[in-house]
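Written below as structure tokens is the structure these notes are about.
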Amino acid sequence: MRAFFHPDQSLHDPQQFMQVGRIRDPKDLPSRTEALLGALAKRGIAPEKPADYGVEPALTIHTQPYLDFLESAYERWRAVPEAGPEVLPNVSPYWNGRPEWQSRPACRSTSIVAQAGYYLGDMAVPIGPKTWTSALRSSHSAVAAADAVIGGAGAAYALCRPSGHHARTDRATGFCYLNNSAIAAQRLRGRYRKVAVLDVDAHHGDGTQEIFYRRADVLTVSVHVDPNSYYPYYIGYADEHGHGEGEGYNTNIPLAPKANDAAFHAAVDRALEKVRAFGAEALVVALGYDSHREDPIGLLDVSTEGFRGIGERIRAIGLPTVVVQEGGYQISVIGDCLAQFLDGLRETEAPYGK
């Protein structure tokens, strides 16, 4: 299996985030990548450094004003009197929730304070001096993995950090700045007629859902904790099926808190039935480990070995597959979770293309 990672992805070093009214220590630590790289090394997988694709792949998903904001925000923020160490919003516009809108118009104000509220959807996406560099390189890893699959690899893994599945076309939320899974899916569409995105992170892939919500060529399926009691709260319910041409091409499978391996695997089985029925020709897996029972911000009861079962099920469907790294914040276990997933993905007997 080929894997991709750029060292610049570790430069993003958040210092804070807001959780239930308190400024907390960050969870998306650069050391997450060290644990995952270690797991790859133990499996004999040497990550390749992706090429510099620039912003063009990101522009297939995100708006130019939003990318301009991410690139320039930190330097502009430093010029604000008494500003904190990172860009964080203290004003936020009302999200209108209109499913027919792909994105909003550009922010009318040129103020960095106004734009921070407009383009940053919560206080879990601080922008520091190297955030843009890391986010852009993370998207390059996703593109490189997609290109590897297009070139004939049965599966490729993108060690993306920062994560991406909460990022919308023009808004960062939940530790996510650029939607790597969506960028990979769009890249695959250049080769495959139908692409499915299966999100198995504990949090709903709300950004990915919204990006493809009006389309019939990309199926989005997410297995996650019921948003009634878990982030992102406002989206990810079972009655959200798509809009317009996309009606019927989005499926959410919410799980009750404390759901275990058996419940999670059953949900993945349901999700993959949707992928089969759709007739997908390629698959993007948004892989998170925050469903692990030891995750500091998780609510599920999935074991380390449970990730092997997820890998086995994905392998058995027999599709060219891009695996994009999403969340998972218990550093002591995430390497083992990845190792178990890869063992399941690579060792099941069903060959690719069947």
> Which one of T251, A216, H292 is farthest out on the positive end of the charge dipole of the stretch 207-293, using unit charges on Cβ (Lys, Arg +1; Asp, Glu -1) and the Cα centre as origin?
Replying inline: H292
> Can you give the calculated 222 nm mean residue ellipticity of the chain, where each DSSP H run of n ≥ 4 adds -39,500 (n - 2.57) and the sum is split over every residue, rounded to the nearest 500 deg cm²/dmol?
Replying inline: -11000 deg cm²/dmol
> Over the stretch 67-204, one equal point on each Cα, no solvent: what is log10 I(q)/I(0) by the Debye formula at q = 0.09, 0.15, 0.17, 0.18 Å⁻¹?
Replying inline: -0.31, -0.79, -0.96, -1.04
> How do I334, I253 rank when sorted from fewest to most other Cβ atoms within 10 Å of their own Cβ?
Replying inline: I253, I334
>> From the Cα trace of the stretch 217-354, what convex hull volume per residue do you get, rounded to a whole Å³?
In response: 99
>> Return the Rg/Rh ratio of the stretch 29-136 with Cα-based radii and a Kirkwood Rh.
In response: 1.05
> What's the Cα-based Rg to Rh of the chain, Rh via Kirkwood?
Replying inline: 0.94
>> As a test, work out the antiparallel percent of DSSP beta bridges whose residues both lie in the chain, rounded to the nearest 5.
In response: 15
>> If neighbour count is taken as other Cβ atoms inside 10 Å, put E240, E56, E326, E273 in order from fewest to most.
In response: E56, E273, E240, E326
> Within the chain, how many lysine pairs that are 8 or more places apart, or on different chains, have C-alpha atoms less than 22 Å apart?
Replying inline: 6
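How many percent of all Cα-Cα pairs in the stretch 1-84 sit more than 20 Å apart?
59
Taking the Cα centre as origin and putting +1 on Lys and Arg beta-carbons and -1 on Asp and Glu beta-carbons, what dipole magnitude results for the stretch 2-347, to the nearest 20 debye?
The dipole magnitude comes to about 480 debye.
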> In percent, what relative contact order does the stretch 10-139 have, based on Cα pairs under 8 Å that are 6 or more apart in sequence?
Replying inline: 39
> Sorted from fewest to most neighbouring beta carbons within 10 Å, what does the list D290, D261 look like?
Replying inline: D261, D290
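Here, each number is a calculation from the coordinates, and none is a lab measurement. Since the structure is predicted, the reported quantities are computational estimates derived from the model, not experimental observations. Cβ coordinates were reconstructed from backbone atoms using ideal geometry, including for glycine residues, and neighbour counts include every protein chain displayed.
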